[in-house]
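The values are calculated or read from the model by the stated rules, or taken from the named source; none is laboratory data. Please read these numbers as outputs of a predicted model, since none were measured by experiment. Neighbour counts run over all protein chains shown; Cβ positions are idealised from the backbone, glycine included. These area figures cover heavy atoms from the full protein model, side chains too; ligands, DNA and RNA do not enter into them. Shrake-Rupley method; radii C 1.70, N 1.55, O 1.52, S 1.80 Å.
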Amino acid sequence: MTTQVRTEPITVNLGPQHPSTHGVFRMRVTFDGEEIIDVEPIFGYLHRGSEKLAEERTYVQVVTLTDRMDYVGSMLNNQAYMLAVEKLAGVEPAPRGVWLRMIASELQRIASHLVAVGFLIQDLGAWGTPLIYTMREREKILDLFEMLCGARITNSYLRPGGVFMDAPEEFWPAMNEVLDELPPRIDDLDDLLTDNDIIFSRTKGVSILTPEQMIDASITGPMLRAAGVDWDLRHRDPYDYYDQVKFDRPLHTAGDNFARYWVRVQEMRESIKIIRQCEQLIEPGPIRPEHDDVPWLLRPPVGDAYAAIEHSKGELGFYLVSDGSISPYRCHVRAPSLINLTLLRDMLVGELLADMFVSFGSVDINMGEVDR
Amino acid sequence: MIGLGLLKAMRVTLRNALKTPFTIQYPDRKVGIAGAAKNEGKSPVGLVATQPVTAAKAAMSLYSVPVNIPQNPRFRGNEFTWYENRCTGCASCAKYCPLGIIEIVTSPGGFDVQEGESYAIDVFDIDIGRCMFCGLCVEACPYDALHMGSRFERSKYERDALVIPVDELREALKQPSSWFRPQFEEREYDPFRDGERTDHYSVGRHEKPDQETLDERWVEER
Amino acid sequence: MSKAWDGAKLAEAIHKSIPDVVVDANGTDIWIEPDSVLEVMRLLRDDAEFQFQLLSSVTAVDYISYFEIVYHLTSLTRNATAVIKSKTGFGRDEARIPSVVDIWRGADLQEREVWDLMGIIFEGHPNHKRIMLWEGFPGHPLRKDLATYEQSIVPEAERRVPSGVANEVEEGQG
Amino acid sequence: MNSTFLDNSLFRNIYCYLAGGSDGCASRGYDTAILPAGFEWLAFAITAFIIINIVINAGLGAVIVYIWGERRILGRIQNRTGPNRWGPFGMFTSVADAIKTLFKEDIVPDEADRWLFNLAPILMVFPVLMVLAVIPFGVGTFVVDINVGILFVIAVTSVSGISVVLASWASGNRISIFAGMRSVAMLISYEIPMALSLIGVLMLAGSMSLGAIVEAQDLPFILVQPLGLFVFLIAAQAETSRTPFDLIEAESELAAGYLNDYSSMKFGIFFLAEFLATIVASMLIVTLFLGGWRGWDPIPSQVWFAGKTVLVLLFIMWMRFSWPRLRVDQILVLAWKGLFELTLINIFVTAILIAIWPDPGMTELLIMSVINWIVFFISVWLVSKLLRPSDYSAPTPQPNRPAYPVATDELPDEVAYTGGATR
């Protein structure tokens, strides 16, 4: 004789005010015991209408809006937007400006990955220790940004055709110091986390996504590389001067939470390599085109342009339509944070409550970009 | 084997625990006896001998000294620095502000360095409460009249008090940031070291360097 | 360096398999009939000549007299990109286009976003709901004819217009 | 009067001062009395009241110091300074926190079961305070030394598990329910290895009284009972729900678990109980495995005890701040498949050794400790091999091993748009 234990599904609202939803994100989750049987993500708590606001601002003023989309990767946002504007207006960027923005965006990529790794481990329940370590390293990079452009998070450093101001003299030794200090700190992180049995057993084999699934769902970036797809826009479709620098694309074949974490840690090392090469290759010269070539009130010809970069979270694209006036007629952002959440339900269903936020954190989203 | 990774993690945390903290304490810093003696201008032994109460306080970490946060000269601070003599009232800054928070009202009859007789500025209000410190107004100013400030301690209890009116701008401490003002960096200016720049002549205008100067400077840097 | 399909060549290639769906083509983009989007997209994904496995982005532009849906496609295996456009909703009547969620799941959230902000109905979308704004929001904010201040949720008495831009706003409303 | 109470020197002093030559006092040199004869019960009550007050207040004071210490240590481990603003070395920070907690609004949710909701914090803190009664803090410094001390400890601490269930149920909050379910699964599972890990100690000491166990430790039992200590340390961490076993609170998953709806001093009491439980757990570890108050002479026994407790607490904190949390199924697997086996091995080996040397002297104890350490390493290695997931392998870097064919062929030039890439 067997007894059937009947359990009743519980529906719980997690968020928008939950400690680990990485912002104001809400999930309506149905549990069967501890197991997840249904997830419905609900967005929009941070929607500010950036795309609409961009339609009423000049091309340079929109830079300040892009800062506030993914606020842990603002240099990268600036870069994607500038590429789109340059393509739309046919601006030939100044080489030194391009090198500077490559350095800035690679530094920002390290900072963004540090945040991603720190918060992923925080979601695993560590008592803030790895988070503080990663934030400490990020702080040094933010100090560099302050030196470079006077702001730490919302940089607005880039301008059409380059950057607004050359790096100060003390920037280069300061940057070298940070770059020298970083690899041992990343090794420390490795010791603390990568070899850690608890992290390994918690993340291994959880929320596996296959490459076919992810490509079908337009997921890009470290998530895709964690499943063994060698797809990095810096390598496949080099923008700026990425074709002149050499770097590896770390790949992991598992496609689980651990692989996603591992790929991010390795990418930080590659970014350091890229910055070192940029430092060797950068030449003196103007940092942005002459005012006659690129006026401040840019009036691109009628047309449209789509430019995408490899953001720290995936493919970040800007689609701009110009009607010949001083402000974009339409500005669309292909936000990797939003699109990488497409498979959230597939990732979470069947997993346990404890792994839910870990899987969610391994996607590495930023609510400022999801809702825009 | 399971467990070795955990021990490794404990080794890393122990190593970090033995490092000096990286916290920057603000607005003041707690110091021990050595720091207190330095602040009082005495040797530690002298401090214990002459000011035992202070020494005891310092030993219990109750003695604090004000701290200067290391800040870069380009820092885009809260208090705008504005040189009225140089401003023509062209309102480029107001037009360039993405949020439209600068209000300018002018009337004929002022005097201006560049233009001779020109507009007098009656109202030049900046609503700091909505400002996002992008600095586009500074970039737009054709006469180097508006600069970002260097300081940031300007919290207020009411939103309305955040508006910087023109009188306050005239009298405010003039510590311009070197953001988008390369002439400062050529002179290695640091707003905190060099102090106030009340005179707009000492601020200078930015003349674009020629390519030879740029190349020379690059060689020196390397 | 990934290459982009030339619009005219792409139109020719599509015409070989599915005749008479391409409305127009230029150097970079092609325009297709909105009704045949599903058919064309399925061809573009599955045909060995195109192999567009990845849908980079779906968006829409309001050109006042019509709406234009823009698809950016990427082929990972052929390292190529293409831009497909489609015009719908002429004369500002109800804009409709078939949903491509069945072909690429990546269109799921993006199409919901386009519906929410631009008001284009994607027929056959399994979860055709608003995504950024709340249910019951009047209108679709990215449309050019949206009167922002009319629909503001801030009561009129409490609206604070910054003095610097006051004139512009009033003119805009009038 | 029960003579066990009179073993306590403080108790004896006060009681005999009040009650004079009655009971066993005369033989101990007390001949004057304040209370008249026949009022021994009053003397007993007054004495008990005073002593219980001293112990409870000392415990609560220790919690305040412990919270401050933990914050400072956490700060140092995270390369920060920790609290240093309020009082010497920031020592009054936890006092300020306690005052702040007192003045917060006390909210009871509408959906809550009022009576149980208020009962839960009390049920949480009482058992922990009761355990303090049997711990010998030093020579002659204890409340009572009952002969079934360990049994008492195990029985009483189980009650706090019930209080977690009560709190989560009474809150009427779905997220709290998860904490309740987890606590049922986890706390009760860990009772068993915790109780069994002490059997070895009992066999060696031949008594359940904590005082007698301390007396028996000529060689600290950490040397003779490494497996017992290992299991007890882990189980105690789980019972007090500290990281890596803090499933019940699990900030990143359940917000605050069963504490979600508590505010003000009820919340404070839960926290107090949690921190006190940690202190009590380390006191038990000191008593049972580290020789209790025993030490070398010029330093008083109470100081030895306190010093050892602080060392154990430091170790627990260090562990707590270094590791992330385990998942619920892994925790249960660890309890039933790992710790349970280890305790059985420990009991088995210790029983054989006791059978060989029924009354071990110093040499025999040393031989036993060598054997036990060998058993410890072998069994922990074996069990960790058993628990290892089948696909366990160290992460290996795989720099260029694409699993998905990417860019096998480029687009021919004649169909490509040459005016520049679309991106």
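Structure summary
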read-out	value
Two-site FRET efficiency, D:W115 against D:L10, from Cβ-Cβ distance with R₀ of 41 Å, rounded to 0.05	0.60
Compactness index (Cα Rg / 2.2 N^0.38 Å), the protein assembly as shown	1.09
Cβ neighbours within 10 Å from other chains - mean over A:184-196	4
A:F31 long-range amide H proximity, modeled H, under 5 Å	A:I10, A:T11, A:V12, A:I37
17 Å reach of a label modelled at C:I18, 7 Å along Cα-to-Cβ, counting backbone N of the range C:63-81	C:69-74
Members of B:K19/B:K57; B:K156/D:K100; C:K85/C:K129; A:K52/B:K174 lying beyond 31 Å, as alpha-carbon distances in this model show	A:K52/B:K174
Per-selection Kirkwood Rh - the range A:10-371 (Cα, Å, 1 d.p.)	20.9 Å
Interface burial for D against A (accessible surface, 1.4 Å probe, total of both chains, Å², rounded to 100)	4600 Å²
Extended-chain gain in nm, criterion 0.36 nm per residue less alpha-carbon gap, A:T30 and A:T253	77.2 nm
Point-to-point label distance, B:Q25-B:R154, nm (Cα→Cβ direction, 7 Å offset)	2.9 nm
Rounded to 5, percent antiparallel among DSSP beta bridges of the protein assembly as shown	90 percent
Percent RCO, i.e. relative contact order, over the range A:10-371, from Cα pairs under 8 Å lying at least 6 residues apart	27 percent
The range A:328-372-the range D:296-368 distance, computed between alpha-carbon centres (Å)	45 Å
The range A:248-372, relative contact order in percent, only Cα pairs under 8 angstrom and at least six apart counted	18 percent
Mean ellipticity per residue at 222 nm, deg cm²/dmol - from DSSP H runs of n ≥ 4 across chain A, formula -39500 (n - 2.57)	-13500 deg cm²/dmol
Lys, Arg +1 and Asp, Glu -1 on Cβ, resulting dipole of chain B about Cα centre, debye, nearest 20	2040 debye
Dimensionless Rg/Rh of the range B:21-69 - Kirkwood Rh, Rg from C-alpha atoms	1.00
About the Cα centre, charge dipole magnitude for the range A:10-371 (Lys/Arg +1, Asp/Glu -1 at Cβ), debye	620 debye
Exercise: per-residue mean of other protein chain Cβ atoms within 10 Å, C:57-63	6
For C:I32, residues with placed amide H under 5 Å, excluding near neighbours	C:V23, C:K85, C:S86, C:K87
Accessible area of the protein assembly as shown divided out per residue, in Å², using a probe of 1.4 angstrom	40 Å²
Candidates A:L179, A:L76, A:L100, ranked by Gaussian network fluctuation over chain A, Cα under 10 Å, top entry	A:L179
Shape call, the range B:80-194: gyration tensor on alpha carbons, a/c limit 1.5	oblate
Distance from the range D:146-203 to the range C:23-91 (C-alpha centre basis), Å	62 Å
Gyration tensor (alpha-carbon) shape descriptor, the range D:242-352, a/c threshold 1.5	oblate
Ranked packing of A:164-177, B:192-205, most packed first, by mean Cβ within 10 Å	A:164-177, B:192-205
Over chain D: helical MRE at 222 nm, DSSP H runs n ≥ 4 each giving -39500 (n - 2.57), nearest 500	-20500 deg cm²/dmol
Candidates B:D190, B:D122, B:D144, ranked by Gaussian network fluctuation over chain B, Cα under 10 Å, top entry	B:D122
Segments D:360-367, C:125-132, A:47-54, D:273-280 sorted - mean Cβ within 10 Å per residue, highest first	D:273-280, A:47-54, C:125-132, D:360-367
Efficiency of FRET from Cβ geometry, B:Q183 and D:I146, R₀ 60 Å, rounded to 0.05	0.10
Accessible area of the protein assembly as shown belonging to carbon and sulfur atoms, whole % at 1.4 Å probe	59 percent
Mean Cα-pair separation over length for the range D:111-383, i.e. relative contact order, pairs under 8 Å, 6 or more apart, %	25 percent
Computed [θ] at 222 nm, deg cm²/dmol, chain B (DSSP H ≥ 4; -39,500 (n - 2.57); rounded to nearest 500)	-8500 deg cm²/dmol
Averaged over A:208-219, number of beta-carbon atoms from partner chains that fall within 10 Å	5
Accessible area buried, both sides summed, chains B and C with 1.4 Å probe, Å²	400 Å²
Heavy-atom accessible area, 1.4 Å probe, ligands and nucleic acids excluded: residues of the range C:1-48 down by at least 20 Å² from chain alone	C:M1, C:S2, C:K3, C:A4, C:W5, C:D6, C:K9, C:T28
Ranked packing of D:265-272, A:192-199, most packed first, by mean Cβ within 10 Å	A:192-199, D:265-272
Rg ratio (alpha-carbon, reference 2.2 N^0.38 Å) - chain D	1.24
Förster radius 41 Å - calculated FRET efficiency between B:R170 and D:L314, Cβ distance, rounded to 0.05	0.10
Extended-chain gain in nm, criterion 0.36 nm per residue less alpha-carbon gap, D:W41 and D:A96	15.7 nm
Drop in accessible area of at least 50 Å² in the complex versus isolated chain, residues of the range B:18-54, 1.4 Å probe	B:K19, B:P21, B:F22, B:K30
Directionally averaged shadow of the range A:121-193, computed from the convex hull of its alpha-carbon atoms, nm²	6.1 nm²
